[in-house]
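Undergrad: If you scroll down you'll find the structure; I have some questions about it.
The values are calculated or read from the model by the stated rules, or taken from the named source; none is laboratory data. All values derive from a computational prediction rather than experimental measurement. With ideal geometry, Cβ positions are generated from the backbone for all residues, glycine too; neighbour counts draw on all protein chains shown.
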Amino acid sequence: MSLPTPTLHTTRLRLRPFDDADAGDLFALHSNAHVLRYWDAPPWTDRGRSDGFITACRRMAEEGTGARLAVDRVSDGAFIGWCGLTRWNPDYRSASLGYCYGEAAWGHGYATEAARALLRWAFDTLDLNRVQAETDTRNVASARVLEKLGFVREGTLREDCVVNGDVSDSWVYGLLRREWPHPMNAEPDIPSAGQSWR
C-alpha cells in the first residue's frame, strides 16, 4: 500500500516531497559534523549518499512505510532541513518521528512548527494512536522540541549508539492520540532551539 507524500503549509514553512535538486543541500546538511554531533551515524563523506536518501524517501512512499519531507522557509524558499514519519505500522497505528535542521534554522521554532504540521497530518490521515521519537540525552534542544509538542519522556536506552567510538544514551519519547492536540499546539509558534534529531 503506497502512502503519497503530502505537501503541507504553515505560516513560515512549506513541507514537501524531496526532489533530485535537493541533493546538494541535503549533502551540506548531513556532512556537517556539528549538526550531526548527536546523530546515530557519522557525517556523510560521499555525495552519493544524498541520491540514496532521496531514493529511499520515494521507496518509503511507494511501500507505504512512512513520509519524509523537505522543509523550505517560505520567506526566501531556502531549504532548511527535513522531518518525517517512518516505520508506519497501520496495524499498530504507530510511527516514529525524526528531523534534522541546519544551524541557520536553529533557535527560530522551525523544528516545532514543521513537526506540528506533520503530526496534524499524521493523526488525521493515518489515524495514528502513537508516535515515538528518540533523541540523544545530550541533545537538550531536541528534547525541548518534543516536549513542546506534547511528547512524554518514557525511558532511557542506555549506551544504545556507538558512533566513531563515542558511546551515547537515548531518551525515548511517546505521544498518544488522546494527548493530541497538546495545549501548546493550539498556540502561536514560539521560537525554540530545534536541532538535529536522534
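Undergrad: Looking only at segment 151-180, which residues are under 15 Å from the mean Cα position of the chain (by Cα) and part of a loop (DSSP other than H, G, I, E, B)?
TA: Hit for segment 151-180 is F151, nothing else.
Undergrad: Just to be sure I understand the filter: pairs with C-beta atoms under 7 Å, separated by 6 or more residues or on different chains, first member in segment 1-17 and under 11 Å from Y110 (Cβ atoms) and among the basic types (K, R), second member part of a strand (DSSP E or B) and at pLDDT below 95. Which pairs pass?
TA: none
Undergrad: On to the next question. I'd like the residue in segment 58-83 that is basic (K, R) and either assigned to a loop (DSSP other than H, G, I, E, B) or touching a residue at least 60 places away in the same chain (Cβ under 8 Å) (or both) and, out of all such residues, is nearest to A23 (Cα to Cα).
TA: Here is the first cut: in segment 58-83, the residues basic (K, R) are 58-59, 68, 73.
Next, only the ones that are either assigned to a loop (DSSP other than H, G, I, E, B) or touching a residue at least 60 places away in the same chain (Cβ under 8 Å) (or both) stay: 68, 73.
On the way: R68: 14, R73: 17 Å.
The extreme case among them is R68.
Undergrad: Right, A114: within 27 Å of A28 (Cβ to Cβ), touching a residue at least 40 places away in the same chain (Cβ under 8 Å) and aliphatic (A, V, I, L, M) or not?
TA: yes
Undergrad: Kindly check whether there is at least one residue in segment 100-111 that is in a strand (DSSP E or B), crowded, with 16+ Cβ neighbours inside 10 Å and in contact (Cβ under 8 Å) with a residue 60 or more places away in the chain.
TA: The answer is yes, given that some residue of segment 100-111 is in a strand (DSSP E or B), crowded, with 16+ Cβ neighbours inside 10 Å and in contact (Cβ under 8 Å) with a residue 60 or more places away in the chain.
Undergrad: Right, another one. Take D124 and decide whether it is surrounded by fewer than 17 Cβ atoms within 10 Å (Cβ to Cβ) and modelled with pLDDT under 95.
TA: Considered against the rule, which asks whether it is surrounded by fewer than 17 Cβ atoms within 10 Å (Cβ to Cβ) and modelled with pLDDT under 95, D124 comes out as yes.
Undergrad: Something else: Taking the criterion of being surrounded by fewer than 19 Cβ atoms within 10 Å (Cβ to Cβ), of a type in the set (D, E, K, R) and touching a His at 6+ places or on another chain (Cβ under 9 Å), would at least one residue in segment 48-63 satisfy it?
TA: Yes; the residues of segment 48-63 include at least one that is surrounded by fewer than 19 Cβ atoms within 10 Å (Cβ to Cβ), of a type in the set (D, E, K, R) and touching a His at 6+ places or on another chain (Cβ under 9 Å).
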